[in-house]
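Below is one structure; the comments refer to it alone.
The values are calculated or read from the model by the stated rules, or taken from the named source; none is laboratory data. Quick caveat: nothing in here was measured; it's all calculated off a predicted structure. Quick reminder, even Gly has a Cβ in these numbers, built from the backbone with ideal geometry, and neighbours come from all protein chains shown. Heavy atoms of the whole protein, side chains included, go into the accessibility calculation; ligands, DNA and RNA do not. Shrake-Rupley method; radii C 1.70, N 1.55, O 1.52, S 1.80 Å.
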Amino acid sequence: MKKFIQSSDILKLIKDGDTLLVGGFGLSGTPLTLIDEIASSSLKNLTVVSNNLGEPGKGLGKLLLSGCLKKAVGSYFTTNRDAIKAWKEGHLEIELIPQGTLAEAIRCGGAGIGGFYTKTALGTKIGEGKEVKEIDGEKYILEKAIKGDVSLIKSMKADTLGNLVYEYTARNFNPVMATASKIVIAEVDEIVEAGTLSPYEIVTPHVYVDYVVASHYVKVGGVYVESISPD
């Protein structure tokens, strides 16, 4: 199967109502090119699972403004005032999950584990309605695994097989999301020949990656800016 595709081709892989796992923490490690393609499409009723919704008009903030989103699942949304406004007006559903719980729930989804018990959120509104279990005299709540239809992840480098290397803190949610969806699409800054990457630097093996897209962004002064026009 051909792994290297144009960014516009991803729209053939996503359908209305899909759940998308989107890597990134703020704008770090965020697949900006892939988000741009979806934001300019006619896709509707998408659920996005991500740490947050970017910033106003940036990253997943674009997806919010485009009207593609039905629901956002993540840890915090206060960095994007548009998300709070959309929620208050009833245009966006929001489900809050503590950050560590979110990462572990996605990891469980990729590992074939149905869920796990944690103390985090016990006795809070976030924990309301969830199963409570006592283990060794301590109470825990059950958090179910999270899986997606499509994962959109960001990598610094890929080889021609699709092995991925991440840049520093871009190893936030990207590696676990690469295991937890039916389809995994990686946006990459650089593509090198197979065999040139050290096995020690490969974080996501190519068997997890279905498609690879070259990024339209370059890093200038530590900030990603768009370098070429979308396909």
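Short version: ³J(HN,Hα) in whole Hz for each residue of region 98-105, in order, from phi by Karplus 6.51 cos²θ - 1.76 cosθ + 1.60 (θ = phi - 60°), x for Gly and Pro, what are they?
Couplings: x, 4, x, 5, 4, 4, 5, 5 Hz.
For region 192-206, in order, what is each residue's ³J(HN,Hα) by Karplus, 6.51 cos²θ - 1.76 cosθ + 1.60 with θ = phi - 60°, in whole Hz (x at glycine and Pro)?
Listing the rounded values in order: 10, 5, 4, x, 8, 8, 6, x, 6, 9, 6, 9, 10, x, 4 Hz.
Compare the Cα positions of 48, 24, 208 along the charge dipole of the chain (+1 at Cβ of Lys, Arg; -1 at Cβ of Asp, Glu; about the Cα centre) and return the one farthest towards the positive end.
48
For region 114-124, in order, what is each residue's ³J(HN,Hα) by Karplus, 6.51 cos²θ - 1.76 cosθ + 1.60 with θ = phi - 60°, in whole Hz (x at glycine and Pro)?
x, x, 7, 9, 9, 7, 4, 6, 4, x, 10
Cα gyration tensor of region 161-215, axes a ≥ b ≥ c as square roots of the eigenvalues: rounded (a/c below 1.5), prolate (a/b > b/c) or oblate?
Details: a/c = 1.43, a/b = 1.23, b/c = 1.17.
It is rounded, given that a/c, with a ≥ b ≥ c, falls under 1.5.
Ignoring ligands, DNA and RNA, what percent of the 1.4 Å accessible area of region 45-92 is carbon and sulfur?
Values: 1070 of 2130 Å².
Carbon-and-sulfur percentage of accessible area, whole number: 50.
Of 91, 161, 116, which is farthest towards the positive pole of region 49-177's charge dipole, taken about the Cα centre with +1 and -1 on the beta-carbons of Lys, Arg and Asp, Glu respectively?
Working it through, the farthest residue towards the positive pole turns out to be 91.
Let me have the relative contact order for the chain, percent, based on Cα pairs under 8 Å that are six or more residues apart. Intermediate results must be reported in sequence, preceding the final value.
Details: 526 pairs, mean separation 50.3, N = 231.
It comes to 22 percent, rounded to a whole number.
For the chain, what does the accessible surface come to per residue with a 1.4 Å probe? Please give it in Å².
Working: 11320 Å² over 231 residues.
So the chain comes to 49 Å² accessible per residue, rounded to a whole number.
Using Cα-Cα distances under 8 Å and only pairs 6 or more residues apart, what relative contact order does region 72-148 have, in percent? Kindly include the intermediate steps, with their values, before the conclusion.
On the way: 101 pairs, mean separation 21.9, N = 77.
Here the relative contact order equals 28 percent.
Evaluate E = 1/(1 + (r/R0)^6) for residue 207 and residue 12, where r is the Cβ-Cβ distance and R0 equals 25 Å; express this FRET efficiency to the nearest 0.05. Can you show the working numbers first?
Details: r = 22 Å, r/R0 = 0.88.
The value I calculate is 0.70.
Simple spin-label model, 7 Å along Cα-to-Cβ: residue 44 to residue 190 in nm?
Label-label distance for residue 44 and residue 190, simple model: 4.3 nm.
Of the accessible area of region 166-215, with the probe set at 1.4 angstrom, what percent is carbon plus sulfur?
Working: 1360 of 2530 Å².
Carbon and sulfur atoms account for 54 percent of the accessible area of region 166-215.
Would you work out if region 55-208 is rounded, prolate or oblate? Take a ≥ b ≥ c from the square roots of the eigenvalues of the alpha-carbon gyration tensor; rounded if a/c is under 1.5, else prolate when a/b is larger than b/c, oblate otherwise. Each step should come with its number before you reach the end.
Details: a/c = 2.55, a/b = 1.32, b/c = 1.93.
Oblate shape, in that a/c is at least 1.5 and b/c is the bigger or equal ratio.
Which whole-angstrom value gives the distance between the alpha carbon centres of region 3-65 and region 118-192?
Taking the Cα centre of each part, region 3-65 and region 118-192 sit 16 Å apart.
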